[in-house]
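Chemist: Please see the structure below; I have some questions.
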Amino acid sequence: MNSPSNKILNKELQLTFIPSKYWNETSSEFSLIDTKKKIPSDSDFFLIWTAANNSPEYLERQMKKKLVKIPVDKLLSCHLNLALLNQLQNGINNFVLQKVYGKILPLLPASRFLNNLEIFEPSQEENNSPDISGSIKTWALLTKFIFELLNRGNFVPFLKSVTKKKYNGQWRLLLKTKYDNIRFTTILRNSPWTAYNLPYSIKLENNSSNDFEGALIKNLWHPSYLYSLYIDKVGDSLIRSILKKQKFRTFDQYYNSEIQKDKRREHDLSWDYKFLKSLLSKDPSFTFTQFHETIVPKLIRNWINIESISSLKQGIELAIKLNYPQNGEDQWPLNLFLSVQNGQNLILLSKLWKGEESINSEILTRFQNQENFTEILFQGLGKMIKIYPPLKKALNGPFPKKLMLNSSEVMEFFSYAKDLLIQSGFNVILPDAFQIGGKQRLSARMVIYSEKTEFLSTIKSSRPSLFQLSDMLNYRWEGELGNEYVNSENLKDIIAKKQPLVNIKDEWILIDQQDIETISNIFDSTKEAGKYSGVKGKINYVDALKLGLSERVSFREEKSNYRVIVEGSFNQIIDRIKKFESFKEIATPSQFNGKLRGYQREGLTWLANICELGFGVCLADDMGLGKTIEVISLLLHFKETHEESMGAVLIICPTSVIYNWKKELNRFAPTLDITFHHGIDRSETVSALSKYLKPHQIILTTYGTLRNDIELLKTAPFSGVIVDESQNMKNPKAQQTQAIYQLQSQYRICLSGTPIENRLMELWSLFKFLNPGLLGNQKEFRDNFVIPIERFHDKEAADRLKRIIAPFILRRVKTDKSIIKDLPSKREMKIYIDLSDDQKALYKNVVSDTLQEMERSKSQKSMIILGLLTKLKQICNHPYQYQHKSVSERILDDKFKEFVSMSPKLERLIDMLDEVLVKNEKAIIFTQFTQMGDILRDVLEYRYDFPILYFHGGIRAEKRRDIISEFQDTKVNSPPILILSLKAGGTGINLTEATTVFHFDRWWNPAVEKQATDRAYRIGQTENVNVYKFITLNTIEEKIDKLIEEKKELADMIITSGESWISELSEDKLKELISMN
């Protein structure tokens, strides 16, 4: 099972199913907070809890924020012992018993909530729903699975013996097919421990009988047992609830006389009436002394036989393995095995019988005793024999033996028994040659080809001139065995024989019934098998590209899919975009004012080659690797190679980075003309905008401006559209995303340092912009990829999706060996940010008031100026800091987004921290102001729901050591963010766990800043360190930074005199320095 793999497990809401059997145990120490309340002793429920904080206020606040549809105030609260992971210093994990505070969620309301919970797709609103923990996901997946089984009618009544005369009537869900069993085991394998952390055996210290807190846990309840308990309980409850609402009239009509006798409290009621009544009423128990024959009980007994063995709780299943004949003989070995759902190797049943192999002791703990294990095993074998009677021969003896089948018997096995065994929950293992794609399994393949022979590529049109979006290509179907072509005559002969096994050239060929039906429909022009049926046909360009890249095609709801081969000139495009080595190498443009590193030159080559074919791409390199520089070099490459044939380029980015783009363009590409489409002076008409649509003109705009001006901007024929921070368009229904979809361009580029891994629908949204139609429409993508991959962990679907998107996404990470050798060990970058309107107004007022004060008190000029510097820095950080306001919880709850937007610097910091945390890395944030440190801590703790470490001058010495130790800890759940006061944390400490350093405000002393940065970048640091210095534009921050960069002597002066040099400036120089342009 999975262990927690990120540093923010503690913040997540967890969900655990609590059976009555557990909470009634003494060791659970279950207690309701409200002692006047009670719950029935046989009640099962869910517990919502969190490992972060045991306070009721914290849990309730998180639930109201993240599980908004649950009426938190109406739920009972309790304390309960659970097993929590404890990572020791030697890196070994163990579980200890810990009392948690939690909210009780009743089972039926919980099941309906979990079934309706959208765990993969983004919310319909612009603000996406909060992340959901792995435990909630697990129980939601199981619940959705239960509802699917109910909708398919996969349930039967079950008679459970309690005592000699007492029985319980229950409804039992069935996993009828191999596909259902795979679904269950996939959920099982991907479960986090937080979904099933009930202690199974407890090791008490000092032989204490009641001191459970902190006790070591030897084993947890096995998830297969806990999950099957839940499936049984919820399935039974839901069926009873549905039958009660629908009033089961058939029962009333058939048993009318028994119902009347029951009302008179007569005792000679039939057992079948009692049984069926127990399935409809709240009380499932009843008594009877003997069975008697009626029509209905025969039906009931058939139902009970179907459900005679359930291996879910025990996690075992019986398997039949058929081997291929050796040396051309007509002898097919068939063996019986026991397989374990957690992936343990198959155990040959004969070896188990002889004692040559044994079952893992942990598996046996799931059974009442050895006799119970043997009984269940025999029940399963009995059921197998009923389905496939020849197995009796294998069991006639002291131990199971191998069966040898001839080809006729194998054909009989394939004709009937194989599928029925699979549907009954048994594992049937076929020879490798008969698996899908095996060399001895009949299949079909689609061949896509074009009659065009000339291959051209050009950037002049929105797609390559050889193939336009409206182009139609050709396809044809062929039969195949393995990779070998089967001509149509042989194929018709094979299909006509209607046999599951056919001998061709002394080799046995499996003809699977599902394959044969699809293949027959494909090659029968009178039938419709799906979108691409018929021996020949036409296919549009985008669909051909998608199938050519995925190399597979499937039909309707069928699980089978078939190989795709691409031939001719269209294959040149497929080959070219799939193989990086086939790209034409692109040199660094001569007008580029800088030097590209090796991996950046590769990025330029990839961008240029894919974009010249007219495709959209996503550059998803790690933060700090220089995505902006690679795009700038591409813009210059296009200017040098397509001087007049390309038009303007639109760059869309968050407001917080628009000036950073301008700075970087000016620095690395001074020959490119830049225009802002932002603010009150922007173009408002088509004619005004058209003045800027010159070849290679760069137009910078923001997401908000684009959303407001889309009617104007969608008329412009841009050569390229570049979307920075493209995670902002992950919701396809958001207004800004809809606006981006409407833009015209020849090529499209998305930039994002955050990998697309949380929700696949975010990927669809991205590709709808980059390469419309490549991933199908939203429903097709959901059915073909989202549900199979995210709900069922379908590896084949994941591989197919990866093949489709791989040519259009380039992601390099700092840990790549090829990247590390190109990177400096420390990279320093400046982040330029505009002020918000609130900050600008405050800044101008403070400057105006201060200049007037200086006129009145010239003798105190130095003190006034130094006070002014502090005020301006505070305003540049956040208005609340300057106004000395505290951040209340109510402000964060009600107006978090508005509060953050008051400071674009704070907005940008959060965006960048998101990228750091998603890679499980650590960051340091320096500020010279204690109050700003307080604001940062409050905001970040609210944002991320885990403790933020804060190191400042008011911290006692011993506490300082604890903070540093916590941050340097390599444990999974150690805090990933540390805020430091520049003075208190600038010297004397090692913080080598950090890979990113932020200077939120500037000290204007390069030596002090360097000393602070070197807390992370020093001996012991094994990773590259990225250092980001935030600078607000048109303020004293930008102007002094520029002065320091330009004048070395000034930098030396600052090192010796701090900031006092500013007070020595002339009045004109001072006004120029502090005034906003």
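The values are calculated or read from the model by the stated rules, or taken from the named source; none is laboratory data. This is a predicted model, so every value here is computed, not measured. Using ideal geometry, Cβ is built from the backbone for each residue, glycine included, and neighbour counts are taken over all protein chains shown.
Chemist: Of everything in the range 878-921, what is of a type in the set (S, T, N, Q) and on the phi < 0 side of the Ramachandran plot? Give them in sequence order.
Modeler: The answer is Gln881, Gln883, Ser886, Ser888, Ser901, Ser903.
Chemist: While we're here: Could you tell me whether any residue of the range 906-913 is touching a helix residue (DSSP H, G or I) at 6+ places or on another chain (Cβ under 7 Å), assigned by TED's automatic domain parsing to the domain that holds Lys1010, within 26 Å of Thr701 (Cβ to Cβ) and β-branched (Val, Ile, Thr)?
Modeler: yes
Chemist: If I go through the range 167-189 residue by residue, how many of them are at pLDDT 80 or above and exposed (fewer than 15 other Cβ atoms within 10 Å of the Cβ)?
Modeler: So the count comes out to 1.
Chemist: Moving on. In the range 966-983, which residues are surrounded by fewer than 19 Cβ atoms within 10 Å (Cβ to Cβ), out of contact with any Asp or Glu (no Cβ under 9 Å at 6 or more places or on another chain) and at pLDDT below 85?
Modeler: Hits for the range 966-983 are Lys971, Val972, Asn973, Lys983.
Chemist: Sort out which residues of the range 411-431 are over 13 Å from Met384 (Cβ atoms), free of Cβ contacts under 8 Å to residues at least 40 places away in the same chain and out of contact with any helix residue (DSSP H, G or I) (no Cβ under 9 Å at 6 or more places or on another chain), and write them in order of number.
Modeler: Glu412 - this is the single residue of the range 411-431 that is over 13 Å from Met384 (Cβ atoms), free of Cβ contacts under 8 Å to residues at least 40 places away in the same chain and out of contact with any helix residue (DSSP H, G or I) (no Cβ under 9 Å at 6 or more places or on another chain).
Chemist: I'd like to know if the range 597-612 contains one or more residues that are outside the structural domain of Lys795 (by TED's automatic domain parsing), more than 19 Å from Tyr747 (Cα to Cα) and among the small types (Gly, Ala, Ser).
Modeler: Scanning the range 597-612, I find no residue that is outside the structural domain of Lys795 (by TED's automatic domain parsing), more than 19 Å from Tyr747 (Cα to Cα) and among the small types (Gly, Ala, Ser), so the answer is no.
Chemist: Output the residues belonging to the range 849-897 that are among the small types (Gly, Ala, Ser) and either in contact with a Lys or Arg (Cβ under 7 Å, 6 or more places away or on another chain) or in contact (Cβ under 8 Å) with a residue 24 or more places away in the chain (or both).
Modeler: If the condition is that a residue be among the small types (Gly, Ala, Ser) and either in contact with a Lys or Arg (Cβ under 7 Å, 6 or more places away or on another chain) or in contact (Cβ under 8 Å) with a residue 24 or more places away in the chain (or both), then Ser862, Ser886 are the ones that fit.
Chemist: Between a first residue in the range 71-87 that is within 15 Å of Tyr200 (Cβ to Cβ) and a second residue that is in a helix (DSSP H, G or I) and among the small types (Gly, Ala, Ser), which pairs have beta carbons less than 9 Å apart while being 6 or more apart in sequence or on different chains?
Modeler: From residues that are within 15 Å of Tyr200 (Cβ to Cβ), the pairs are Asn81/Ser27; Asn81/Ser28; Leu82/Ser28.
Chemist: Report yes if Ala587 is of a type in the set (A, V, I, L, M), more than 27 Å from Ile831 (Cβ to Cβ), outside the structural domain of Asn571 (by TED's automatic domain parsing) and out of contact with any Phe, Trp or Tyr (no Cβ under 6 Å at 6 or more places or on another chain), otherwise no.
Modeler: Judged against the criteria, Ala587 is a match.
Chemist: A further question follows. Within the range 35-43, identify whether any single residue is crowded, with 20+ Cβ neighbours inside 10 Å, at pLDDT 90 or above and at negative phi, and answer yes or no.
Modeler: Scanning the range 35-43 turns up no residue that is crowded, with 20+ Cβ neighbours inside 10 Å, at pLDDT 90 or above and at negative phi.
Chemist: Separate question: For Ser633, state whether it is among the polar types (S, T, N, Q) and at pLDDT below 90.
Modeler: Criteria not met by Ser633.
Chemist: When you scan the range 40-50, do you find a residue that is in a helix (DSSP H, G or I), more than 13 Å from Ile104 (Cα to Cα) and hydroxyl-bearing (Ser, Thr, Tyr), even just one?
Modeler: Within the range 40-50, not a single residue is in a helix (DSSP H, G or I), more than 13 Å from Ile104 (Cα to Cα) and hydroxyl-bearing (Ser, Thr, Tyr).
Chemist: Got a sec? Which of Asp849, Asp893, Asp834, Asp838 is assigned by TED's automatic domain parsing to the domain that holds Gln928, among the acidic types (Asp, Glu) and closer than 26 Å to Arg61 by Cβ?
Modeler: Asp893
Chemist: Could you run through the range 665-692 and say how many residues are crowded, with 18+ Cβ neighbours inside 10 Å, in a loop (DSSP other than H, G, I, E, B) and of a type in the set (A, V, I, L, M, F, W, C)?
Modeler: Going through the range 665-692 one residue at a time, the tally reaches 1.
Chemist: Of all residues being in a loop (DSSP other than H, G, I, E, B) and modelled with pLDDT under 70 in the range 513-543, which is nearest to Asn327 (Cα to Cα)? Just the residue, please.
Modeler: Applying the filter and picking the extreme gives Asp524.
Chemist: Does the range 904-922 include one or more residues that are in contact (Cβ under 8 Å) with a residue 24 or more places away in the chain, outside any helix (DSSP H, G or I) and more than 25 Å from the chain's Cα centre (by Cα)?
Modeler: no
Chemist: Go through the range 1008-1027 and report how many residues are within 16 Å of Lys814 (Cα to Cα) and at pLDDT 65 or above.
Modeler: 5
Chemist: Could you check the range 59-82 and list, in sequence order, the residues that are under 26 Å from the mean Cα position of the chain (by Cα) and not in a loop (DSSP other than H, G, I, E, B)?
Modeler: Correct list: Leu59, Glu60, Arg61, Gln62, Met63, Lys64, Lys65, Lys66.
Chemist: Here are some conditions: (1) part of a helix (DSSP H, G or I); (2) at pLDDT below 80; (3) touching a strand residue (DSSP E or B) at 6+ places or on another chain (Cβ under 8 Å). Asn206 meets all but one. Which one does it not meet?
Modeler: (3)
Chemist: Is it true that some residue in the range 414-427 is in a loop (DSSP other than H, G, I, E, B) and either closer than 29 Å to Asn540 by Cβ or at pLDDT below 55 (or both)?
Modeler: no
Chemist: Shifting gears a bit: Just checking, how many residues over the range 385-400 are surrounded by 16 or more Cβ atoms within 10 Å (Cβ to Cβ) and more than 22 Å from Ser424 (Cβ to Cβ)?
Modeler: Counting residues in the range 385-400 that are surrounded by 16 or more Cβ atoms within 10 Å (Cβ to Cβ) and more than 22 Å from Ser424 (Cβ to Cβ) gives 0.
Chemist: Further, regarding this structure: Given (1) farther than 30 Å from Leu672 by Cβ; (2) at pLDDT below 90; (3) of a type in the set (Lys, Arg), where does Arg576 come up short, assuming only one miss?
Modeler: (1)
Chemist: Name the single residue, out of those in the range 209-238 being more than 26 Å from the chain's Cα centre (by Cα) and small (Gly, Ala, Ser), that is modelled with the lowest pLDDT.
Modeler: Of everything passing the filter in the range 209-238, Ser209 is modelled with the lowest pLDDT.
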